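Quick notes on the structure that follows.
Throughout, read-outs are computed from the coordinates displayed, never taken from laboratory work. All values reported here derive from a predicted model rather than from experimental measurement. Here the Cβ positions follow ideal geometry from the backbone for every residue, glycine too, while neighbour counts run over all protein chains shown.
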Amino acid sequence: MATILLPPGSSALETALASLDAERMEAIEVRINTLWNPWACPPAFLPFLAWTFSVDVWNADWPEARKRAVVAASYGVHARKGTRRAVREALASLGWSVAITEWWEAEPKHPPFTFAVDLASEESITPERQMEALAAIDTAKNVRSHLTGLATALRQTSRIPLRAALSLIGETVAVYPWIPGDVETRIPTPLRAAALYGAEVGTVYPMETAA
C-alpha cells in the first residue's frame, strides 16, 4: 500500500479518506453516475434526489415507480409552472388521467380565471390521494387562477385473452338465365289535325202535272 502524504492541518475525515485503498473504494456498490438519474438512482437515494429536484409533493409510502415518475417530471413542471401544461404534468406523474376545463371553455362560461379538473385513475381513490392532487394543482397553477371544481372517478378496465379463434363464413349464390319481363311501350302522339263532321238533308217531292 502506497504512503499518502497529507499536510499537517488535515482533518480526521481527510485522513480517513486517504487511508482507503483502491480495493475498498471499488467495493462501494453505489455508482455515482446513477445518482442524478431518476430512473437509475438506487431506491434508497430517491428522497434525496427528490429534495434536490425540489419536488413539491412527496409521499414516502408511494410505490417506487411513482417516486421515480414524480422526480422525473419535477424539472419540466418547474420550468412551466403557472401554465395549464404544468398542472397536467404534475397530476399525470401522480398516476391520474387529467382533463382541465378553463372558464372560457365551459358552457355557459364560468367566472374569469377559474378552472375545473376532472381526474380518473385505475387505483383506489383515497382522501390522501385527493389531497395530494389538490396540493399538486396548487403548486403548479398560477396565482391568478382559482380551482372551482375537482371531480375524481375510478376507471376500471378488464382484459379478455383471446388465444385462438376460427371464423367460417359462406354464401350460396344461384345464377339463373335472364328472362325479360313484359315490355310496355308508350309513344305519345301530339294532336296535329282536327275532324269536321257535316250533314245535309234533302227533300224529294213528286213532280207536278198540268190539269
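Out of V77, V70, which single residue is in contact (Cβ under 8 Å) with a residue 60 or more places away in the chain and within 15 Å of S54 (Cβ to Cβ)?
Numbers: V70 fails: in contact (Cβ under 8 Å) with a residue 60 or more places away in the chain.
Residue meeting the stated conditions: V77.
For region 120-145, how many residues are of a type in the set (D, E, K, R), surrounded by fewer than 17 Cβ atoms within 10 Å (Cβ to Cβ) and either within 18 Å of A65 (Cβ to Cβ) or touching a helix residue (DSSP H, G or I) at 6+ places or on another chain (Cβ under 8 Å) (or both)? First the steps, then the outcome.
The first filter runs over region 120-145 and keeps only residues of a type in the set (D, E, K, R), leaving 122-123, 128-129, 132, 138, 141, 144.
So of that shortlist, the ones also surrounded by fewer than 17 Cβ atoms within 10 Å (Cβ to Cβ) come out as 122-123, 128, 138, 144.
Right, trim to either within 18 Å of A65 (Cβ to Cβ) or touching a helix residue (DSSP H, G or I) at 6+ places or on another chain (Cβ under 8 Å) (or both) and you get 122-123, 128.
Matching residues across region 120-145 total 3.
Which count do you get for residues in region 89-119 that are exposed (fewer than 15 other Cβ atoms within 10 Å of the Cβ), more than 23 Å from V55 (Cβ to Cβ) and of a type outside the set (F, W, Y)?
Qualifying residue count, region 89-119: 7.
Of these, L94, L119, which one is under 26 Å from A44 (Cα atoms) and not in a helix (DSSP H, G or I)? Talk me through it step by step, then tell me what you get.
Details: L119 fails: under 26 Å from A44 (Cα atoms).
Result of the check over L94, L119: L94.
Given the conditions (1) among the hydrophobic types (A, V, I, L, M, F, W, C); (2) over 23 Å from W39 (Cβ atoms); (3) out of contact with any strand residue (DSSP E or B) (no Cβ under 6 Å at 6 or more places or on another chain), and given that A79 satisfies all but one, which numbered condition is not satisfied?
(2)
Would you tally the residues in region 36-88 being surrounded by fewer than 15 Cβ atoms within 10 Å (Cβ to Cβ), aliphatic (A, V, I, L, M) and part of a loop (DSSP other than H, G, I, E, B)?
Within region 36-88, residues that are surrounded by fewer than 15 Cβ atoms within 10 Å (Cβ to Cβ), aliphatic (A, V, I, L, M) and part of a loop (DSSP other than H, G, I, E, B) number 2.
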